[in-house]
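In what follows, a structure is listed as structure tokens, so that the remarks can point back to it.
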Amino acid sequence: MRLFGRGCSFVERTTTAVAGGLSSWERSDVEKHASACAECADALRDAVAIDVALTRAFAPLRSRRTMLAPGRVRVALGPAPEERSSRWLRAPAVFARLAEVSVALGVVLFAVSTSVEAPSGAVAPQPHSVIREYFRSQPPTEDIDYFRWLRLQPAERAGAAVDLVRLPVGGRFDVEQVETVINPTSTPR
Amino acid sequence: MKAAKPAANADQRGDRELVYAARDGNMPAFDALFYRYRDGIFRLGLAITKDPSAAEEIVVDTFARAHRALARLEPDDSLRPWLYRVAVNLSYNRRPRKNVVLSSLDDAAGDTFANDEASPSLLAEQAELRRIILETVDALSPKHRLVVVLHYMNGLNLAEIAQVVDCPVGTVKSRLHYALRRLRTHLAAHPELGIEPSRPLLATGLRAVQPITAHLPVEDQ
């Protein structure tokens, strides 16, 4: 039983019959029923009228055509895929790709290793060397380097003469001039 | 003498043979399928999107998908429902472009309606009726409108429509019945269409049975 069932159950079949969804004997069955049922007769008449009206209304649309060419589909598909070659013909390409990858990996590892600085605390103290100490204690030969070196020497090594020199105030030295004693070992060669 | 270019529908092979040939790389077979169904898909896309350029893109996309799916496509009898189903999905998934005013189905008909033999007044009357009917179809819900469009514009039978919309045939019958009933309600205000207004059921039951003046259309077998 249909919920809220109203009217004849054949009404829906009238639409189906008009739409061509019934076989010939089913269609004649609907016609026979409609001749005895007022509701189905009205539904059938209206369905035929609407069917004719829709068919006429859609007639101009049914004649719409497009001039599309199949080339548009090929463009949309993109380039044709290359034919598969045999395994042996593809082997050089595989090795070439492996070589590319290994070279790229080496470049990356080199760049990473050179860009990362070692921590300062990790520097091992160099062993004591008499020769290095000797050359470090020798004054430079250039004038400016020599004076800079001389200024950085410890006071006892420079003879403590530098601090005794004062600038003159009022046209005369405020302290007695002392003769500068240069360490004979510090003289330039 | 140069050979004439083969007509679009010159290939008399069935869809199954054309699909199998296209699967083997025979592009003329695929072109034959394209020429066979491009207009129908174009009209379907036009009816849904109401945009001719969008409808052409739908045609291209539908056949591009068909070409990619050739390997797994198994057409039993006809390729048409499968193509229409793809086209319907593409049409509904396509977002309307900006700054494009979508026209109605009547505008989509374009200038193709021409009848030199009819008088101008008759042509105007027919155009007005067509506009009213197509506007009423436009007012239907999408699933009911789709059934009407597929049947009356693309000429699909109920079984093919069921394949396109992926539902049982009974559902298609029900939707078509509902759509025609809605159309009957809306178009009853136009007596020139020959559609009587809906009558109350009680009155219908008490009315005397009238002879059927409209006969069912006989299909060409």
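The values are calculated or read from the model by the stated rules, or taken from the named source; none is laboratory data. All figures in this text were calculated on a predicted structure; none of them were measured in a lab. So basically every Cβ, Gly included, is an ideal-geometry build from the backbone, and we count neighbours across all protein chains shown.
Tabulated data
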| item | result |
| --- | --- |
| Any hit, segment B:90-103, residues being crowded, with 18+ Cβ neighbours inside 10 Å and at pLDDT 85 or above | yes |
| Helices (runs of 4 or more DSSP H) wholly inside segment A:11-79 that include at least 2 residues being at pLDDT 85 or above, within 7 Å of chain B (Cβ to nearest Cβ) and closer than 26 Å to B:Leu33 by Cα | A:70-77 |
| Cβ pairs under 8 Å, 6+ apart, first in segment B:19-42 and within 12 Å of B:Arg80 (Cα to Cα) and facing chain A (nearest Cβ under 9 Å), second surrounded by fewer than 17 Cβ atoms within 10 Å (Cβ to Cβ) and basic (Lys, Arg) | B:Asp39/A:Arg65 |
| Test: B:His177 is within 12 Å of chain A (Cβ to nearest Cβ) and more than 21 Å from B:Ser91 (Cβ to Cβ) | yes |
| Inter-residue pairs, beta-carbon under 8 Å, first more than 24 Å from A:Thr55 (Cα to Cα) and in segment A:7-35, second among the small types (Gly, Ala, Ser), 6+ apart | A:Ser35/A:Ala41 |
| Filter result for the condition that a residue is at pLDDT 85 or above, loosely packed, with under 11 Cβ neighbours inside 10 Å and among the charged types (D, E, K, R), over A:Glu156, A:Glu133, A:Glu83, A:Glu100 | A:Glu100 |
| Members of segment B:48-60 found to be touching a residue at least 12 places away in the same chain (Cβ under 8 Å), buried (at least 20 other Cβ atoms within 10 Å of the Cβ) and within 7 Å of chain A (Cβ to nearest Cβ), listed by number | B:Val59 |
| Selection count, segment B:136-167, where residues are more than 12 Å from chain A (Cβ to nearest Cβ) and not in a helix (DSSP H, G or I) | 4 |
| Residue match in segment B:192-200 (condition: touching a Leu at 6+ places or on another chain (Cβ under 9 Å), at pLDDT below 80 and not in a loop (DSSP other than H, G, I, E, B)) | yes |
